[in-house]
1. To make sure I understand, if each residue's beta carbon is the centre and we count other beta carbons within 10 Å, what order do TYR321, TYR205, TYR195, TYR354 fall in, fewest to most?
2. For THR82, which sequence-distant residues (separation of 5 or more, or a different chain) have an amide H within less than 5 Å of its own amide H, given hydrogens modelled in the peptide plane?
3. Dividing the alpha-carbon Rg of the chain by 2.2 N^0.38 Å yields what?
4. Among LEU290, LEU364, LEU214, what is the fewest-to-most ranking by other Cβ atoms within 10 Å?
5. If you find the alpha carbon centre of the range 189-234 and of the range 361-376, how far apart are they in angstrom?
6. Among TRP191, TRP126, which comes first, second and so on when ranked by fewest other beta-carbon atoms within 10 Å?
7. Of LYS135/LYS244; LYS110/LYS197; LYS244/LYS301, which pairs sit farther than 28 Å apart, going by alpha carbon to alpha carbon?
8. As a check on your grasp of the helix formula, calculate [θ] at 222 nm for the chain: sum -39500 (n - 2.57) over DSSP H runs of n ≥ 4, divide by the residue count, round to the nearest 500.
Amino acid sequence: MRTGIDGLGLAVPSLCIDLETLAKARGVAPAKYLDGLGTWRMGIAPVDEDTVTLAARAGNMALESTGTREDEIGLLIVGTETAVDHSKPVASFVQGLLGIGRNCRVFETKHACYGGTAGLMMALDWIRSGSARGKKALVVCSDIARYGLKTAGEPTQGAGAVALVVSENPRLVELDPSQSGQYAIDVHDFWRPLYSKDAHVDGHYSVQCYLDALSGAYRHFQQLVPGVRASDCAALAYHVPYGKMARKAHRQVRAMDGDENPDASFDVQVGASLVLPAQVGNIYTGSLYLALASLLATSVKNLDGQQLGLFSYGSGSCAEYFVGTVVPGAQERVHALGLQAMLDRRRVLSFDEYEQVMKAREELDVRPIEQAVADDFRFLGVDAHRRTYVSPEA
Ligand code: CAA
């Protein structure tokens, strides 16, 4: 049975800030963020956008771009580490906003940035087991990455969602969940206590944990699928908390393949996957899939029938290295989504506006209901402890 990603949708918040602006305001050399971290713009969500609205927008785009009806979805999973409720899953809000049918499994998955990959693998296994009975899965990765103002993590924030329609006979990337190596270890590299809106991170240790997990997952992959090397893949997409991390990952994987000059292959194998992430920042669960979308949307190479290497990392930690095959025509399909144009439509904030938005978001959980123009999926506020949303008017 052929299974994989049939189509995708992306949502980014309507606001962003240039990292050059942030660097100057923080008294940091702009080159540290632009070259040292490899990110030049990051998404900032205004108060009427949250993990739910981003997930709904991305999900809607994925359904529309694949011509999938709401009642064709038999499994709806939202992977997130920035959920809006301790009990009610983001997936239930998304089900309501998108009008997904009632005979459907609907739930949320959490394992830091790995939560979306957990959902994707589960969806592939669900289809291959026969339980799907011809239905498709919608897997949405949605997050708002937020660290404290003036912390080292501040320039590695971001926000966005990527939705994947997972099905038989996929039109983008064919995936076999058995062709995958995993690595998990209990570490305290990045976490967010239940009482905190901001993530806590042991920054340099988290980089080392990511690299250790990459080695572990890649070694496991090689044991399970001998002879399939990253060096032989047409392209590689890594989890991208910031662009430089992908370069560190690439050096590590290629060195494990015995390559003494890993940087020589970086632009060819990885460059295209970083074009969109460099303008969005870290979107946690969706990060790898934004890198994949970027690769398919911007690579100048013909990837038809070519093998890709994919690496997902979630702090805490769990990681997975797996391979996929690009379905002929996939690049045209993703190119037609107009992802770069979507990023270009965002409004670029001044530094003062950025700080105001970040401050306003602290009051989000008690925001009174406000009337809004129903031009998109929007968060209206909280009434009697119930979060309220509006869908775009047809
Ligand atoms: N010009 C060019 N480059 C410069 C520079 C300048 N003027 N000044 C510094 N740099 C370079 C440094 O040499 C360094 O590059 P290398 O890593 O190649 O050595 C880079 O800029 C960053 O500099 P520092 O290490 O000094 O930066 P920092 O101490 O301020 O922290 C960070 C960087 C640890 C990534 C911090 O931003 C952070 O904690 N971010 C959040 C955690 C994170 O993203 N971890 C990633 C792994 S965990 C994960 O992937 C899960 C997840 O999504 C969170």
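1. Ordered from fewest to most neighbouring Cβ atoms within 10 Å, TYR321, TYR205, TYR195, TYR354 come out as TYR195, TYR205, TYR354, TYR321.
2. Correct list: ILE144.
3. 0.92
4. LEU364, LEU214, LEU290
5. Between the Cα centres of the range 189-234 and the range 361-376 lies a distance of 36 Å.
6. Taking fewest neighbouring Cβ atoms as first place, the list is TRP191, TRP126.
7. LYS135/LYS244
8. Values: 12 runs with 127 residues, N = 394.
So the calculated ellipticity at 222 nm is -9500 deg cm²/dmol.
Since every read-out is calculated from the coordinates, none of them should be taken as a lab result. What you are looking at is a predicted structure, and each value in this text was computed from that prediction instead of being measured. Methodologically, a virtual Cβ is constructed for each residue, glycine included, from the backbone with ideal geometry; neighbour enumeration extends over all protein chains shown.
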